[in-house]
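Notes follow the structure.
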Amino acid sequence: MIELDKIFKEALPIIEKIEEAGFEAYFVGGSVRDALLKKDINDVDIATSAFPAEIKQIFHKTIDVGIEHGTVMVLWGGESYEITTFRTESAYQDFRRPDTVEFVRSLEEDLKRRDFTVNALAMDKNGQIMDYFEGQQDLSNRVIKAVGSPQERFHEDALRMMRAIRFVSQLEFTMEQNTQEAIAEHHALLGKISIERISIEFMKLLQGKGRPKGLDLFIQTGLYAFCPGLEKHKDSLKKFARFEGELATRLAAWTMLIHYLEIPTSEVTKFLKLWKCSNKEMQEVQLAVKTLRARLAHPYTAVELYHSGLSIALEVEHIVEQLQFSADKDLVKEQYEKLPIKEKKEIQISGNDILTELNAKPGKWLGQLLEEIELLIITGKLANSSKEILIWVKNRPGIGER
Ligand code: ATP
Ligand code: MG
C-alpha cells in the first residue's frame, strides 16, 4: 500500500461517488506506475466497471470525449478527469485498431489488454495496488515486458513496439528479452501504423533520459527502417545514439535529430512533412537547425540573432552546450537585448513615408530598400530614426531615378 499523492487525493471523491453508486473504480496506467517510481504525476486516469451512461448519471458535469471507447470526461473541483469503462479489445484485423471494443465489469480483463506489465497496475482509493501480471516486480527490476504473449500483443497493435522503446527511454528501463525479440521479428508491422501515432512515441523516445539505450533498440530491432525518412540513416542514428545530452523539448529533439542526420537546411521542411508536423513546428525547427549550424561555425552575429529571435537562440545555445561546445546563455541574452530593433515593425519609417518623401510609385524596389534599411539598422550602421533614415534614403546612389 502506498501513501496517496495530492493529485490522487483530489480525485478520491470521484472514486467514492462511483463506489457509492455500486460500481468499482481505480486509478490505472501511467499515474500508478509513476507513483510507485516516485516520479512527478501530471494527470490521473480512472478505470471503472460503470458504463459511460452510468457515469453520466452519477456526475452532473461530463463531456463525451470518446464514448465509443468508453471514455467520459468528468469535471470536478476545477479539474477534468478521464473515466474509462473496463474494456477488452477484440479481433484486431489490421494490426492497429480493435474492430470492436467490448465493455466488461472485471478489472483484471481490462488490465490484460494494456501494453506492458508496468502499465497494467491499478490502485484503489486506499493506495492498495492491484497487480495481476507481476508489474511491481518488473518495476523494481526496471524492465519493460509485454502483458501476455508479446507476439500477439504486437500483432494486435503494432504501435506498442514503438511504445516499448519509448518507455525504455523515458523511464531508463531495459527491455525484457522475449519482448525485444518479438519486436525484432515483427518490426515491419509498424508500417501499418499512422505516422501521427508513431511520431508521438518517437518524440517521447528522443526526449527521454534513456535515449541512448532507446535509440540502440530502435536501430537493433529494425523499427527505424519503418519510420519516415530514416531508413537510409542507420549510421547517423548510431552516432546520435552516442549523444548523451538532454533534449527537453520537441524542438530540441527534432533539431538534434536533423543535425545528426545531416539533412541540408533546405530539405528540413520536406523531412518534417514526412512526419506530418504542423506548419508552425516545421518553421520553428527549420529556423533552429539553421541557427544551430551558424552557431556551431561562429558566435552569433546580430543578424542571426535578429532572425532567430531570443527563444530559439537560447534553445540552440542549450543544444550547443549539450554538444560540449562552449556556450553562454547570459551573453546571448545580453547580445539580444542590445539589438537596435527586435522586429520589422519597430523600424521608424514605413514604405508610404518613403514614397511620399520621394514622390515615387511603389514597386519591387521599395521592398528591397526597406530590407536594406532593416539590415543597416540591425548592424548598427544606420540609426533607427525617421529623420536619419530619410536622409540616408535621399543620399542613396540611384534613388533619384525612381
Ligand atoms: P505517459 O506518462 O507518457 O502519459 P502513460 O502510461 O500514461 O504514459 P498513455 O499513452 O497516456 O501512457 O496511456 C495510458 C495507459 O493506457 C497506459 O499506461 C496503458 O495502460 C494503456 N495504453 C495506452 N496505449 C496503449 C496501447 N497502444 N496498447 C495497450 N495499452 C495501451
Ligand atoms: Mg498518460
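Read-outs throughout are calculated quantities, based only on the coordinates presented, and are distinct from any laboratory measurement. Worth saying up front: this structure is predicted, and the values here are computed from it rather than measured. We place every Cβ from the backbone using ideal geometry, glycine too, and count neighbours over all the protein chains shown.
Odds and ends about this structure:
- Segment T88..A383, full-extension length gain: 99.2 nm, with 0.36 nm per residue of separation and the alpha-carbon distance subtracted.
- Amide H to amide H distances under 5 Å link A122 with M130, where only residues 5 or more positions off or on other chains count and H is placed in the peptide plane.
- Entries in K213/K276; K39/K145; K345/K387; K239/K276; K270/K329; K9/K39 that, when Cα-Cα distance is taken, lie over 23 Å: K213/K276; K239/K276; K270/K329
- Scanning residues 5 or more positions from M175 or on other chains, those with amide H under 5 Å from its amide H are I144, with H placed 1.01 Å from N in the peptide plane.
- Folded to 0 to 90 degrees: helix 386-395 orientation relative to the chain principal axis, Cα: 60 degrees
- With q set to 0.14, 0.16, 0.19, 0.29 Å⁻¹, the log10 of I(q)/I(0) for the stretch 300-339, from the Debye formula over equal scatterers at the Cα positions, is -0.25, -0.33, -0.46, -0.99.
- Within the listed set V147, V118, V303, the residue fluctuating most in the Gaussian network model of the chain (springs between alpha-carbon atoms under 10 angstrom) is V303.
- ³J(HN,Hα), Karplus 6.51/-1.76/1.60, whole Hz, each residue of the stretch 118-123, x for Gly, Pro: 6, 9, 10, 9, 10, 9
- Projecting the Cα atoms of G363, L12, Y300 onto the charge dipole of the chain (Cβ charges, centred on the Cα centre) puts G363 farthest toward the positive pole.
- Packing, as the average of other Cβ atoms within 10 Å across residues, places the peptides 218-224, 74-80 in the order 218-224, 74-80, highest first.
- Among H318, H298, H69, residue whose mean-square fluctuation peaks in a GNM of the chain (springs only between Cα atoms under 10 Å): H298
- Computed over the chain, the per-residue total of -39500 (n - 2.57) for DSSP H runs of n ≥ 4 gives a 222 nm mean residue ellipticity of -15000 deg cm²/dmol, rounded to 500.
- Nearest 10 degrees, 0 to 90: helix 364-378 Cα axis against the chain principal axis: 80 degrees
- Ranking G245, V332, L206 by Cα position along the charge dipole of the chain, where only Lys, Arg, Asp and Glu carry charges on their C-beta atoms, puts V332 farthest toward the positive end.
- Rounded Å value of the spacing that divides the Cα centres of the stretch 315-388 and the stretch 171-199: 48 Å
- Pairs of alpha carbons in the stretch 244-306 whose separation is greater than 21 Å (percent): 22 percent
- Helix 159-171 and the longest principal axis of the C-alpha atoms of the chain enclose an angle of approximately 80°.
- Computed over every Cα-Cα pair of the chain and binned at 10 Å starting from 0, the pair-distance distribution P(r) comes out as 4, 18, 22, 20, 15, 10, 7, 3, 0 percent.
- Long-range amide H partners of R87 with built H, under 5 Å: V104, D110
- Working note: Cα gyration tensor of the stretch 192-260, eigenvalues times five, square-rooted, sorted largest first, giving semi-axes of 17, 14, 11 Å.
- Magnitude of the charge dipole for the chain, about its Cα centre and with charges confined to Cβ atoms of Lys, Arg (+1) and Asp, Glu (-1), is about 1620 debye.
- Cα convex hull, the stretch 142-244: 83 Å³ per residue, rounded to a whole number.
- Assigned charges on the beta-carbon of Lys, Arg, Asp, Glu; the stretch 1-104 dipole about Cα centre (debye): 140 debye
- Descending semi-axes in Å of the stretch 257-402, equivalent ellipsoid built from Cα gyration tensor: 35, 19, 12
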